[in-house]
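Notes follow once the structure below has been shown.
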Amino acid sequence: MTGIKAFIFDLDGVLVDTAEYHYLGWKRLADEEGLPFGRLENEALRGISRRESLLLILKDRLLPEDKIQEMMERKNRYYLEFIRAVSPADMLPGARELLLEIRAAGMQAAVGSASKNAAQVVQQLGIASLLDAISDGFSVTNPKPAPDLFLHAAARLGLPPAACVVVEDAAAGIQAARAGGFRSLGLGPPERVGAADLVFPSLAGVRLEQILKKLD
Ligand code: BG6
Ligand code: MG
């Protein structure tokens, strides 16, 4: 018996491919500002808060706070434009099926996302009824890799970390899960999520039974 009673899903890059839209938003901003930024640099931004992401793009360039705020708002405007068309059809392969299996098994599910846009994306995906809690960019102060966001979600579910599996596509997210005492399922290449208890390329074809068996 695994003692697992719930799953806490990261959102961007786990349930929906909005990770690409975050990239495109930052890319547009970086191009406008003449800052060097591409897909390689973007890998380090996965799962990282909006502010931390901008600071990583700026590297050692020092800017006044009002300029930083303006750039974060501009990137978010671009992101909101990109996600306008997000619909239930944009769920990543296997994600909805796993949420349905979790419900059918009487287990709980939550979203633990660093994004301040998480609630809107959840609503556009039409999965709110499959979730018992949403912890997002407004829920805690310390961003991933601190465990705070997942601890917030576990508390909302009324469960200890050891009873929850965190599902993540980011190295910072797996680090956060481990720091909080959660079980972890990493999605993506082992170079990125290899520190997780269990690693799959994606959720495509992944069954609940299979996860529970492998974590046993
Ligand atoms: C995470 C994404 O889920 O949310 C990051 O992986 C993003 O790329 C972060 O920067 C914050 O999102 P937002 O929507 O609040 O800017
Ligand atoms: Mg993610």
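The values are calculated or read from the model by the stated rules, or taken from the named source; none is laboratory data. Nothing here was measured: the structure is a model prediction, and the numbers come from that model. Cβ placement follows ideal geometry from the backbone for every residue including glycine, while neighbour counts extend to all protein chains displayed. Side chains are part of the model used for accessible areas, which takes the heavy atoms of the whole protein and leaves out ligands, DNA and RNA. Shrake-Rupley method; radii C 1.70, N 1.55, O 1.52, S 1.80 Å.
Worth pointing out:
- Residue, nearest to ligand 2 (Cβ to nearest atom), within segment 106-127, restricted to residues that are open to solvent by 60 Å² or more (accessible area, probe 1.4 Å) and touching a helix residue (DSSP H, G or I) at 6+ places or on another chain (Cβ under 9 Å): K116
- Residues (crowded, with 24+ Cβ neighbours inside 10 Å and within 15 Å of ligand 2 (Cβ to nearest atom)) located in segment 144-154: K144, L149, F150, A153
- Here the helices (runs of 4 or more DSSP H) wholly within segment 1-116 that include at least 2 residues being touching a Pro at 6+ places or on another chain (Cβ under 9 Å) and closer than 26 Å to Q175 by Cβ are 50-58.
- Subset of segment 155-205 [in contact with an Asp or Glu (Cβ under 6 Å, 6 or more places away or on another chain) and open to solvent by 50 Å² or more (accessible area, probe 1.4 Å)]: R183
- Selection from segment 21-57 of residues that are near ligand 1 (Cβ under 10 Å from one of its atoms) and among the charged types (D, E, K, R): R46, R50, R51, E52
- Any hit, segment 162-174, residues being in contact with a Gly (Cβ under 7 Å, 6 or more places away or on another chain), more than 16 Å from ligand 2 (Cβ to nearest atom) and within 25 Å of Q210 (Cα to Cα): yes
- In segment 55-80, the residues that are among the aliphatic types (A, V, I, L, M), away from ligand 2 (no atom under 16 Å from the Cβ) and either free of Cβ contacts under 8 Å to residues at least 24 places away in the same chain or over 17 Å from L24 (Cα atoms) (or both): L55, L58, L62, L63, I68, M72
- If you go through segment 83-130 and pick out every residue that is among the small types (G, A, S), under 25 Å from G158 (Cβ atoms) and more than 16 Å from ligand 1 (Cβ to nearest atom), you end up with 6.
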